[in-house]
1. For K127, all conditions in the list (1) of a type in the set (D, E, K, R); (2) within 30 Å of Q236 (Cβ to Cβ); (3) exposed (fewer than 15 other Cβ atoms within 10 Å of the Cβ) hold save one; what is the number of the exception?
2. I'd like to know if the stretch 258-274 contains one or more residues that are exposed (fewer than 13 other Cβ atoms within 10 Å of the Cβ), assigned to a loop (DSSP other than H, G, I, E, B), at pLDDT below 85 and of a type in the set (A, V, I, L, M, F, W, C).
3. Identify, by number, the condition in (1) in contact with a helix residue (DSSP H, G or I) (Cβ under 7 Å, 6 or more places away or on another chain); (2) buried (at least 17 other Cβ atoms within 10 Å of the Cβ) that F133 doesn't meet.
4. Going residue by residue through the stretch 66-80, is there one that turns out to be surrounded by fewer than 15 Cβ atoms within 10 Å (Cβ to Cβ) and either among the hydroxyl-bearing types (S, T, Y) or part of a loop (DSSP other than H, G, I, E, B) (or both)?
5. For the stretch 147-216, list the helices (runs of 4 or more DSSP H) that sit wholly inside it and hold at least 1 residues that are surrounded by 12 or more Cβ atoms within 10 Å (Cβ to Cβ), under 17 Å from the mean Cα position of the chain (by Cα) and among the acidic types (D, E); which are they?
6. For the stretch 217-232: of the residues being among the acidic types (D, E) and surrounded by fewer than 14 Cβ atoms within 10 Å (Cβ to Cβ), which is nearest to Y130 (Cα to Cα)?
7. From T59, T7, T28, which residue is modelled with pLDDT of 95 or more, out of contact with any Phe, Trp or Tyr (no Cβ under 9 Å at 6 or more places or on another chain) and among the polar types (S, T, N, Q)?
8. Every residue in the stretch 19-43 that is surrounded by 17 or more Cβ atoms within 10 Å (Cβ to Cβ) and under 19 Å from the mean Cα position of the chain (by Cα), please.
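The values are calculated or read from the model by the stated rules, or taken from the named source; none is laboratory data. Note that the structure is predicted; figures quoted are calculated from it, not measured. Here Cβ is always computed from backbone atoms with ideal geometry, including for glycine, and neighbour counts include all displayed protein chains.
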Amino acid sequence: MNKVNQTYLRFPLARRIEHWVMMLSFVTLGLTGIPQKFSTSGISIAVIGALGGIEVLRTIHHTAAIVMMLGSVWHMLVMGYSVFVLRDKMTMLPSLQDAKDGLQALLYNLGFAKTYPQMGRYTFEEKMEYWAFVWGAAVMTITGFFMWNPITATRFLPGEFVPAAKAAHGGEAVLAVLAIIIWHMYGVHIKRFNKAMFNGQQSEEEMLHEHPLELADIKAGIADRRPDAATLRKRQMIYYPVAAILTLAMLGGIYGFINNEKTAITTITPLTETQIFVPQTPQP
């Protein structure tokens, strides 16, 4: 805490870097994925041409997907350390209180409630966004695997799952992009510009408005408590080997996701000497 300006650390540098990596990969996926879904649109054709063609676009899209998968692995490991080693409260888990806060916020915005709900570390809106991202990432990973590895997918599932996965992948992509543009941009950058992901800090006024219960815990000295050094080392000795095994398993899964198969596009020799289209000419 900066006592002069009364600001409070909300996100350390590592968490801000994680956020920016995931944000940039998401934006790249959106910019390269939406033109593929609406490929006949003039804007899509222009974007594909500007990026060097559909193959280059797909390579960029796949690379951004790999970055997001690696970012998700990192996030799970960080969350595991936070919960198991540091014993941080799982404040991102939804609860009945979030439903009550959402209802009170709605009534307040409609003029039927006198006060806005008092919330802690994460508001009900932030939790909804977080779990929507988790759900979207799971859907995009599963459907992306079906499209990236259609032969493997159809060994275990009917062939109809591949076009179904394509439809679900594109629909979820549109939903996610619209949610970020309409909901996240308004709530974080327009309604009240939140600089926490830029400088990591929030002022006391912002904390009073958005996270008054967390601010009360900070001032009472009961927030962000850390175990003693001996306990910390004991938990780390358990967590690090487990985390290493899980990391290897998840990285192996990502490697298999990427290199599981070669489709007919790369295995069939291109017909470079065959004249595919012969225009008809009038005979004399």
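1. (3)
2. Yes, the stretch 258-274 has at least one match.
3. (1)
4. There is no residue in the stretch 66-80 that is surrounded by fewer than 15 Cβ atoms within 10 Å (Cβ to Cβ) and either among the hydroxyl-bearing types (S, T, Y) or part of a loop (DSSP other than H, G, I, E, B) (or both).
5. Working: elements: 150-156, 161-178, 196-199, 204-210.
Passing ranges, in order: 161-178.
6. Taking the stretch 217-232 and keeping what is among the acidic types (D, E), we get 217, 224, 228.
Cutting the leftovers down to surrounded by fewer than 14 Cβ atoms within 10 Å (Cβ to Cβ) gives us 224, 228.
Numbers: D224: 21, D228: 31 Å.
Across the stretch 217-232, the extreme among qualifying residues is D224.
7. On the way: T59 fails: modelled with pLDDT of 95 or more; T7 fails: modelled with pLDDT of 95 or more.
Testing whether each residue is modelled with pLDDT of 95 or more, out of contact with any Phe, Trp or Tyr (no Cβ under 9 Å at 6 or more places or on another chain) and among the polar types (S, T, N, Q) leaves just T28.
8. First, pick out the residues of the stretch 19-43 that are surrounded by 17 or more Cβ atoms within 10 Å (Cβ to Cβ): 22, 25-26, 28-30, 32-36.
M22, S25, F26, T28, L29, G30, T32, G33, I34 - these are the residues of the stretch 19-43 that are surrounded by 17 or more Cβ atoms within 10 Å (Cβ to Cβ) and under 19 Å from the mean Cα position of the chain (by Cα).
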